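Data first, discussion second: the structure below is written as structure tokens.
The values are calculated or read from the model by the stated rules, or taken from the named source; none is laboratory data. Treat the numbers as computed from the prediction; the structure is a model and nothing was measured. So basically every Cβ, Gly included, is an ideal-geometry build from the backbone, and we count neighbours across all protein chains shown.
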Amino acid sequence: MGAAPQTLSVYKGDDHTWTLTFTDSAGDAIDITSSTVTLTVKTNKTDATAQIANNATLTDPTNGICTISVSNSDTNISAGEYFFDIRYTTSGGVVTTVLYGIFRVVQNVG
């Protein structure tokens, strides 16, 4: 799975979960057992501190499936656009950025 720019949008103060499936170039599942998948959200790409930094739950690791969640306290930040990446780290320490782009927090109406 190569890095591809994306926009992830969430409403301020909402919970949200994304499901990722890791596959190789043939479309076969990559076993992600003993790996780490991390979502990082920052105001500026070079900031030392992240607004959000959450590890994924490996829901079906032998079939390459994990979920990344943000809680309502994670998304209770100023509405606007931030930068994010999702990085996959193998048990051997190899790090690959699999997704990156804009993390948009939308002001809710209520």
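Of all residues in segment 41-63, which are in a strand (DSSP E or B) and of a type outside the set (Lys, Arg)?
Listed by number, the residues that qualify are Val41, Ile52, Ala53, Asn54, Asn55, Thr57, Leu58, Thr59, Asp60.
Looking at segment 15-45, which of the residues that are within 16 Å of the chain's Cα centre (by Cα) and of a type in the set (D, E, K, R) is farthest from Ser78 (Cα to Cα)?
Here the answer is Lys45.
Select from segment 93-110 the residues that are closer than 20 Å to Asp24 by Cβ and of a type in the set (S, T, N, Q) and list them in ascending order.
If the condition is that a residue be closer than 20 Å to Asp24 by Cβ and of a type in the set (S, T, N, Q), then Thr96, Thr97 are the ones that fit.
Just to verify a result, which residue in segment 89-110, among those that are of a type outside the set (Val, Ile, Thr), closer than 27 Å to Pro61 by Cα and surrounded by 12 or more Cβ atoms within 10 Å (Cβ to Cβ), is modelled with the lowest pLDDT?
Ranking the candidates gives Leu99 first.
Note down all Cβ pairs under 7 Å where the first residue falls in segment 69-84 and is farther than 10 Å from Val41 by Cβ, the second is small (Gly, Ala, Ser) and surrounded by 18 or more Cβ atoms within 10 Å (Cβ to Cβ), and they're at least six residues apart or on different chains.
none
I need a count of the residues in segment 64-105 that are within 18 Å of Thr19 (Cβ to Cβ), in a strand (DSSP E or B) and over 11 Å from the mean Cα position of the chain (by Cα).
Qualifying residue count for the region: 1.
If I filter segment 68-88 for residues that are β-branched (Val, Ile, Thr), surrounded by fewer than 12 Cβ atoms within 10 Å (Cβ to Cβ) and touching a strand residue (DSSP E or B) at 6+ places or on another chain (Cβ under 6 Å), do I get at least one hit?
no
For Thr33, which of the numbered conditions (1) within 17 Å of Arg104 (Cα to Cα); (2) of a type outside the set (D, E, K, R); (3) in contact (Cβ under 8 Å) with a residue 12 or more places away in the chain; (4) assigned to a loop (DSSP other than H, G, I, E, B) fails to hold?
Looking at each condition in turn, Thr33 falls short on (1).
Can you find, within segment 47-67, the residue that is surrounded by the fewest Cβ atoms within 10 Å (Cβ to Cβ) among those that are within 20 Å of Thr96 (Cβ to Cβ) and out of contact with any strand residue (DSSP E or B) (no Cβ under 6 Å at 6 or more places or on another chain)?
If we take residues in segment 47-67 being within 20 Å of Thr96 (Cβ to Cβ) and out of contact with any strand residue (DSSP E or B) (no Cβ under 6 Å at 6 or more places or on another chain), then Thr62 is surrounded by the fewest Cβ atoms within 10 Å (Cβ to Cβ).
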